[in-house]
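K.L.:
One structure, pasted below without further comment.
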Amino acid sequence: MEHYNMNLTLKVWRQQNTRTAGRFETYKVSEVSSEMSFLEMIDVLNERLTSEGKEPIAFDHDCREGICGSCAMYINGRPHGPWHANTTCQLHMRAYKDGDTIVVEPWRANAFPVIKDLMVDRSAFDRIVQAGGYISVNTGNAVDANAVAVEKEKADESFANAMCIACGACVAACKNSSAMLFMSAKVAHLSLLPQGAPERNTRVVNMVAQMDKEGFGSCTFQGACESVCPKEIKITSIARLHGEYLSAGLTSNK
Amino acid sequence: MKWSEFFTSSVGKKFVMGFTGLFLISFLVIHVGLNACIWANDNGVMFNKAAHFMGSMVVIRIMEVGLLAGIFLHAIQGLVLTAQNYKRRSVGYAVPMGNTGSPWYSRWMGLLGTLILLFLILHWYNFWIPSRFTGVEEVFIDNKPYDNLYGLMLLTFSNWWVVIVYVLGCISLAYHLMQGFHAAFKSLGFHNRKYLVVIRNVGNVFSIVVSGAFAMMPISMKLGWVS
Ligand code: HEM
Ligand code: FES
């Protein structure tokens, strides 16, 4: 692709901390290379802000290769920007052209309070995982990897769900701020495998209870989450979770 | 897990929505089939007889109570969920996602449901209350008296504004079901992707055909297509 430079207008959400109200700040950035990544473009802007003695824009990032799920940005009305199955760190400036205005907002959900600017607190996800997103493995000799046979289709399905990087885009996209796509990926990932069988019922029950406690909404099966998921987790995983929850309810002795 | 925990959880509440939703859908099938008798063009003989037959069955009488309970459970639970979900995001986006990723009607189930409920109130006032409580004029078919519900329909739908409100109610129902039909299966835990494609398509056809058939009833009467 032809390389080109562009001048852009950025409108970025700036917020001092959780308790203060935020506002949009407008920045003109010039000579942005089409080869840059979106985060590099912000890095350049931040260097400029720092040299001007202003506070740089706070944002989460880590791997910058689409695997850690840190880079949460809601760009022009879409979590992770315009590209399908993509993370913000993998978005490149060739997605834009000279003169574009780009509005950048943090994930919006009461369960994800803004820490500063574009950084939100996603520890609610950690607590949901702690509530049941694990399997019990006995210590001792390592078991041969092939000791337990797993049906190929189930292994693939489990793996597809294990792709979830807990970035929170599903919550950001959902009108209900529901964490169901994230949670259903975790539940499906473990429950489809024989190793996940012992905790199968308690897992889904405890995770749902924790999700409700954290203040996420319920699922209306609209599909916004699926459409923005960088790892293409399917909304059918949520339906699977509903089934798991129902069977946990029906088979419980209490 | 206790049932109390099940039904107060977000997933359990959706289970109630899906279950009552499908129950209401099954009622719609019977209702549309019975009403289609007006198109027999026999001055309502077939329709009045069918309505009488349904009204005189004990099973149907019991189901009617279940139906009312179902509608109220569905409506109250649906509105409560809509309100709760709305409160999960106090600060909204400057640039909303709009229709990218989800069709508009899937996000407006609460509004569509409310429109259906308003329509239902008029509908009960027009037909259900007269037929169950206040009485309907009688007509003699084969020397036996029948409630002339057909005549009541003709009379009610001679009014243009009633026809228009009914058609709007049917449009709301069509959109409500285009989202509701497939969502209900998912709420009940049905997750086979191959069959969900079928369910989605069946749901779309069902929504349009059933709502369309209901809408054609007042229109047919107003325009004098049936006699
Ligand atoms: C003939 C009448 C109706 C039928 C056949 C019907 C059917 C359905 C179905 C099948 C669903 C999907 C349930 C799910 O997602 O699991 C649904 C959802 C819903 N219905 Fe209805 N409905 C009717 C009337 C109403 C009324 C009167 C209201 C409210 C006043 C209402 C409000 C809702 C809401 C808010 C939802 C979405 C709930 C959610 O996903 O959070 N519906 N309906
Ligand atoms: S920074 Fe790791 S996924 Fe984007």
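K.L.:
Which residue, B:Thr100, B:Thr114, B:Thr20, tops the fluctuation ranking in a GNM of chain B built on C-alpha contacts under 10 Å?
P.N.:
Largest GNM mean-square fluctuation: B:Thr100.
K.L.:
While we're on this one: Can you give me the C-alpha center-to-center distance between the stretch B:172-227 and the stretch A:1-54, rounded to a whole angstrom?
P.N.:
What the calculation gives is 48 Å, centre to centre.
K.L.:
Turning to a different aspect of this structure: Shape call for the stretch A:5-115 from the C-alpha gyration tensor, a ≥ b ≥ c root eigenvalues: rounded (a/c under 1.5), prolate (a/b greater than b/c) or oblate? Before the final figure, lay out the partial values.
P.N.:
Numbers: a/c = 1.57, a/b = 1.13, b/c = 1.39.
Here the stretch A:5-115 falls in the oblate category.
K.L.:
Please compute the contact order of the stretch A:5-115 in relative form: average sequence separation of alpha-carbon pairs under 8 Å and at least six residues apart, divided by the residue count, as a percent.
P.N.:
Once normalised by length, the contact order is 33 percent.
K.L.:
Further question on the same structure: Would you work out if the stretch A:182-224 is rounded, prolate or oblate? Take a ≥ b ≥ c from the square roots of the eigenvalues of the alpha-carbon gyration tensor; rounded if a/c is under 1.5, else prolate when a/b is larger than b/c, oblate otherwise. Please list the in-between numbers first.
P.N.:
Values: a/c = 3.28, a/b = 1.55, b/c = 2.12.
Since a/c reaches 1.5 but b/c is at least a/b, the shape of the stretch A:182-224 is classed as oblate.
K.L.:
With a cut-off of 18 Å, note down the residues of the stretch B:102-146 whose backbone N falls inside the zone around a label point 7 Å from the Cα of B:Ala40 toward its beta carbon.
P.N.:
Residues B:138-146 fall inside that zone.
K.L.:
Isolated Cys in chain A by the 4.7 Å beta carbon test?
P.N.:
If one checks each Cβ against the other cysteines of chain A, A:Cys164, A:Cys167, A:Cys174, A:Cys219, A:Cys229 turn up with nothing under 4.7 Å.
K.L.:
Shifting gears a bit: Considering only A:Ala124, A:Ala224, A:Ala145, give the residue with the highest GNM mean-square fluctuation for chain A, with springs between Cα atoms whenever their separation is below 10 Å.
P.N.:
Its mean-square fluctuation being the largest, the pick is A:Ala145.
K.L.:
For the protein assembly as shown, what proportion of DSSP beta bridges, expressed in % and rounded to the nearest 5, is antiparallel?
P.N.:
Looking only at bridges with both residues in the protein assembly as shown, the antiparallel portion is about 80 percent.
K.L.:
Return the FRET efficiency for the residue pair A:Glu35, B:Leu168: r is the Cβ-Cβ distance, R0 is 51 Å, and the value is rounded to the nearest 0.05.
P.N.:
My answer for the efficiency is 0.40.
K.L.:
Give the aspartates and glutamates whose C-alpha is closer than 18 Å to that of A:Lys234, dropping any in the same chain fewer than 8 places away, or say none.
P.N.:
A:Glu153, A:Asp156, A:Glu157, A:Glu226, A:Glu244
K.L.:
Moving on. Please tell me the relative contact order of the stretch A:111-188 in percent, rounded to the nearest whole number, where contacts are Cα pairs under 8 Å and at least six residues apart.
P.N.:
The normalised contact order for the stretch A:111-188 reaches 25 percent.
K.L.:
Please build a GNM for chain A, connecting alpha carbons under 10 Å apart, and tell me which residue among A:Ala109, A:Ala149, A:Ala162 fluctuates the most.
P.N.:
Evaluated over chain A, the most mobile residue of the options is A:Ala149.
K.L.:
If R₀ is 35 angstrom, what is the calculated FRET efficiency for the pair B:Ser26 and B:Ile219, using the beta carbon separation as r and rounding to 0.05?
P.N.:
E(calc), rounded to 0.05, equals 0.90.
K.L.:
Based on DSSP, what percent of beta bridges with both residues in chain A are antiparallel, to the nearest 5?
P.N.:
Details: 16 of 21 bridges.
Antiparallel bridges make up about 75 percent of those DSSP assigns within chain A.
K.L.:
Hey, rough spin-label estimate for A:Arg94 and A:Ser51, points 7 angstrom out along Cα→Cβ, what's it come to in nanometres?
P.N.:
2.8 nm
K.L.:
Binning at 5 angstrom from zero up to the longest distance, how are the C-alpha pair distances of the stretch B:34-129 distributed in percent?
P.N.:
P(r) for the stretch B:34-129, in whole percents per bin: 2, 10, 11, 17, 15, 12, 10, 8, 6, 5, 3, 1.
K.L.:
Under 15 Å from the Cα of B:Lys87, which aspartates and glutamates turn up, not counting those fewer than eight places away in the same chain?
P.N.:
A:Asp212, A:Glu214
K.L.:
Over the stretch A:123-251, what is the relative contact order in percent, taking alpha-carbon pairs closer than 8 angstrom and at least six residues apart?
P.N.:
Relative contact order comes out at 35 percent.
K.L.:
Note down the nm distance, to one decimal, between modelled labels 7 Å out along Cα→Cβ at B:Phe53 and at A:Lys213.
P.N.:
Reported label-point gap for B:Phe53 and A:Lys213 is 5.7 nm.
K.L.:
Here is a further query. Among A:Cys164, A:Cys229, rank each residue by its count of other Cβ atoms within 10 Å, from fewest to most, as a rough exposure measure. Intermediate values should be presented prior to the final figure.
P.N.:
Values: A:Cys164 23, A:Cys229 27.
So the residues, fewest neighbours to most, are A:Cys164, A:Cys229.
K.L.:
Output needed for chain B: three equivalent-ellipsoid semi-axes, defined as square roots of 5 times the C-alpha gyration tensor eigenvalues, in descending order, whole Å.
P.N.:
Three semi-axes, in Å: 36, 20, 17.
K.L.:
How much FRET efficiency would the formula 1/(1 + (r/R0)^6) give for A:Asn141 and A:Met163, where r is the Cβ-Cβ distance and R0 is 25 Å, rounded to 0.05?
P.N.:
It comes to 0.25.
K.L.:
Arranged by the count of other C-beta atoms within 10 angstrom, fewest first, what order do B:His31, A:His189 take?
P.N.:
B:His31, A:His189
K.L.:
When a/c reaches 1.5 or more, the comparison of a/b and b/c decides; with that in mind, is the stretch A:92-149 rounded, prolate or oblate per its Cα gyration tensor? Intermediate results must be reported in sequence, preceding the final value.
P.N.:
On the way: a/c = 5.07, a/b = 2.02, b/c = 2.51.
Oblate, since a/c reaches 1.5 and b/c is not below a/b.
K.L.:
Points 7 angstrom from Cα along the Cβ direction at B:Ser158 and B:Lys194: gap in nanometres?
P.N.:
Each label point is offset 7 Å from its Cα along the Cβ direction, giving 5.7 nm.
K.L.:
Return the whole-Å distance between the Cα centroid of the stretch A:215-241 and the Cα centroid of the stretch B:120-149.
P.N.:
47 Å
Read the figures in this text as sums done on the coordinates, not as results from a lab. Keep in mind that what you see is a predicted model, and the values were worked out from it rather than measured. Backbone-built Cβ (ideal geometry, glycine too); neighbour counts: all protein chains shown.
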